[in-house]
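A short worksheet on the structure shown next.
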Amino acid sequence: MIEAKGIFKSFGSLAVLKDVQISVSRGEVVSLAGASGAGKTTLLQILGTLDYPDQGSVTLEGQNVFLLSEKALSDFRNRRIGFVFQFHHLLPEFTAWENIAIPAMIAGKSKEAAKEKAMGLLGLIGLKDRADHRPGELSGGECQRVAVARALVNDPAIILADEPTGSLDSKNALQIHELFLKLRNELGQTFLIITHNEKLAQMADRTIHIKDGQIAE
């Protein structure tokens, strides 16, 4: 599904990534583990095309993404990559279904089609009865589930998640872990997840360790 080769990235004189090679297959749930400062988030941002490497290539579904123009890359990112962050980043003035539907409308879907897809996803994550609630009326766990649905709305090839349960208590964190596995089992969704949560890492198909900017054996 996604493959990175020879990824180097420095910020000034600080070398953050050093010849990183990584691949994730379709339908895999892979965790990315490492100490703070190991380069995990920088790698995830490069894989998600939010940042460029100094050297190296990223191929997603056979497309070398950094050969695309800036506009084409932005369109590709919106359609083929989903993001879930530690904090849900929902827009407070919009309802749950509207927050989910926004990326679909940006991708060119009609409001009606985007709402239909959003409502289907709300049903999948068990929040259909909360569709018209704004983020301030939802719990932290519910907001994060809505953020997961938003990441799914354009049927992405892969979801990249950066500490998706880092701001949640253990009960809500477990629900997010189980949701990821449900989405993989029911939709064949692919995930690459940065996590310090041992339980989530153990539930993944495999764990990739990064240390001092390199993939550790």
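The values are calculated or read from the model by the stated rules, or taken from the named source; none is laboratory data. The model shown is predicted, which means the values in this text are computed figures rather than measured ones. Here the Cβ is made from the backbone with ideal geometry for all residues, glycine too, and neighbour counts use every protein chain on show. Accessible surface areas use protein heavy atoms only, side chains included; no ligands, DNA or RNA. Shrake-Rupley method; radii C 1.70, N 1.55, O 1.52, S 1.80 Å.
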- Query: Within the stretch 92-109, which residues are of a type outside the set (Lys, Arg) and under 27 Å from LEU60 (Cβ atoms)?
  - Reply: ASN99, ILE100, ALA101, ILE102, PRO103, ALA104, MET105, ILE106, ALA107, GLY108
- Scan of the stretch 179-199 for residues that are without any contact (Cβ under 8 Å) to a residue 60 or more places away in the chain and in contact with a Ser or Thr (Cβ under 6 Å, 6 or more places away or on another chain), ordered by number: ASN197
- Task: Grab the helices (runs of 4 or more DSSP H) fully contained in the stretch 94-178, keeping just those with 1 or more residues being touching a residue at least 60 places away in the same chain (Cβ under 8 Å) and either open to solvent by less than 40 Å² (accessible area, probe 1.4 Å) or not small (Gly, Ala, Ser) (or both).
- Result: 111-124, 140-152
- ARG79, sole failed condition from (1) within 18 Å of LEU192 (Cβ to Cβ); (2) free of Cβ contacts under 8 Å to residues at least 24 places away in the same chain; (3) crowded, with 16+ Cβ neighbours inside 10 Å: (2)
- Message: Which residue is most open to solvent (accessible area, probe 1.4 Å), if the candidates are limited to the stretch 32-49 and must be more than 12 Å from the chain's Cα centre (by Cα) and free of Cβ contacts under 8 Å to residues at least 24 places away in the same chain?
- Response: SER36
